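Below is one structure, written out as structure tokens; the observations come after it.
Coordinate-derived values only; no laboratory data. In this text, all values refer to a predicted model and were calculated from it rather than measured experimentally. All Cβ positions, glycine included, derive from the backbone under ideal geometry; neighbour counts span all protein chains shown.
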């Protein structure tokens, strides 16, 4: 378990229950290629384009969390996530992609890959059909998983840093600003889990987390399949 995730947190419990799927996601061949600097550029370019579309839907999901929240504190937390996605992460994504010769207009106009459609609509459906806890659990593999992957890269001496074209991506998801957001998301999930009777719902919540984690793996695979 990553040092980023408190041992007794809900996230740690869900990861433990879905350990095989979590390993497939966080150790996917796409991910190891990022760390080694060996990922085909065509795979990364395709991923970048689809990730732009993904971030738009992810921001919508967090906006839905504002509506679904039970408390003003959780409304603020969800609203902060929307702000971070639209005004920070998407801006950084566009700036990063410019270095790969991709414009925002180009990314906004590409057809959405079925893997992106399947994942984002699954998360939104969880939120629309369920409550705030269902939505946060569906969001968790992405928000928290990228932080886990980033910190693993940062702490692994085998990670190629010098001359790695994917070093800026590694730095972004292992950076303080992103990891602070991961810690807040982890703490919010703990609060909502307690308030919404999560223990009585753990079987369904685990199924949601497992499926969202599988869909994350398919998102990585999408890039490899397109290269």
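A few remarks follow.
- Förster-model FRET efficiency, 41 Å R0, residue 194 and residue 96, C-beta, rounded to 0.05: 0.65
- Using 0.36 nm per residue and subtracting the Cα-Cα separation, the extra length available between residue 131 and residue 105 on full extension is 5.9 nm.
- Principal-axis tilt of helix 41-68 within the chain, Cα atoms, nearest 10 degrees: 20 degrees
- Rg to Rh, two decimals, where segment 99-215 supplies the alpha carbon set and Rh follows Kirkwood: 1.04
- Note on the chain: Rg/Rh from C-alpha atoms, Kirkwood Rh, equals 0.94.
- Put a dot 7 Å past the Cα of residue 57, heading toward its Cβ, do the same for residue 226, and the two dots end up 1.3 nm apart.
- Among 116, 97, the ranking by other beta carbons within 10 Å of each residue's beta carbon, starting with the fewest, stands as 97, 116.
- Between the Cα long axis of helix 202-226 and the first principal axis of the chain there is an angle of about 10°, rounded to the nearest 10.
- 20 °C / 1.002 mPa s Stokes-Einstein diffusion coefficient of segment 1-133, Kirkwood radius on C-alpha pairs, µm²/s: 127 µm²/s
- Fewest-first ranking of 191, 121, using other Cβ atoms within 10 Å as the exposure measure: 121, 191
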